[in-house]
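Trainee: Below is a structure I'd like to ask you about.
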Amino acid sequence: MTRFAAVLMTAMLLVGGLAAPAQAQGFGIFFGDEPSDFFAPEHLICMTDHQIRETVAGLGYSNIALNVPKESNIQVRATKGGWVYLLDFNFCTGEIEGRQRLRQAG
């Protein structure tokens, strides 16, 4: 039994000794020590879906449908003057950057 206790004690000391170097190397989770910790993606401070719809409606479009945003742009399908358009809308500047006429509304 004493031999088993000695082996167990030796194993515990070895395992305990292996854990110390990881702590000595400064391993840990830090926040606030890098500029990227404070990076806020643009779409968090730009227009909401409601604001996008209101802006596009203010430009004379109706039947507005939003697609998935990509970077600072979103594709918007909307109707104006009897035509359905696909708009490339920048939801940070509030401007239409591209417009493609798809089909007649009907």
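Trainee: Name the residues in region 76-96 that are in contact with a strand residue (DSSP E or B) (Cβ under 9 Å, 6 or more places away or on another chain), open to solvent by 70 Å² or more (accessible area, probe 1.4 Å) and modelled with pLDDT under 95, would you?
Mentor: Glu95
Trainee: Check Asn63, Asn67 and return the single one that is modelled with pLDDT of 95 or more, out of contact with any helix residue (DSSP H, G or I) (no Cβ under 7 Å at 6 or more places or on another chain) and open to solvent by 60 Å² or more (accessible area, probe 1.4 Å). First the steps, then the outcome.
Mentor: Numbers: Asn67 fails: modelled with pLDDT of 95 or more.
Selected residue: Asn63, the only one of Asn63, Asn67 that is modelled with pLDDT of 95 or more, out of contact with any helix residue (DSSP H, G or I) (no Cβ under 7 Å at 6 or more places or on another chain) and open to solvent by 60 Å² or more (accessible area, probe 1.4 Å).
Conditions tested, residue by residue: (1) hydrophobic (A, V, I, L, M, F, W, C); (2) more than 24 Å from the chain's Cα centre (by Cα); (3) at negative phi.
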site: Asn67; (1), (2), (3): no, no, yes
site: Glu71; (1), (2), (3): no, no, no
site: Ile74; (1), (2), (3): yes, no, yes
site: Thr79; (1), (2), (3): no, yes, yes
site: Thr93; (1), (2), (3): no, no, yes
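The values are calculated or read from the model by the stated rules, or taken from the named source; none is laboratory data. As the structure is a computational prediction, the values presented were derived from the model and not from experiment. Don't worry about glycine lacking a Cβ; one is built from the backbone with ideal geometry, like all the others, and counts go over all protein chains shown. Each accessible area value is taken on the protein alone, full model and side chains, heavy atoms only, with ligands, DNA and RNA left out. Shrake-Rupley method; radii C 1.70, N 1.55, O 1.52, S 1.80 Å.
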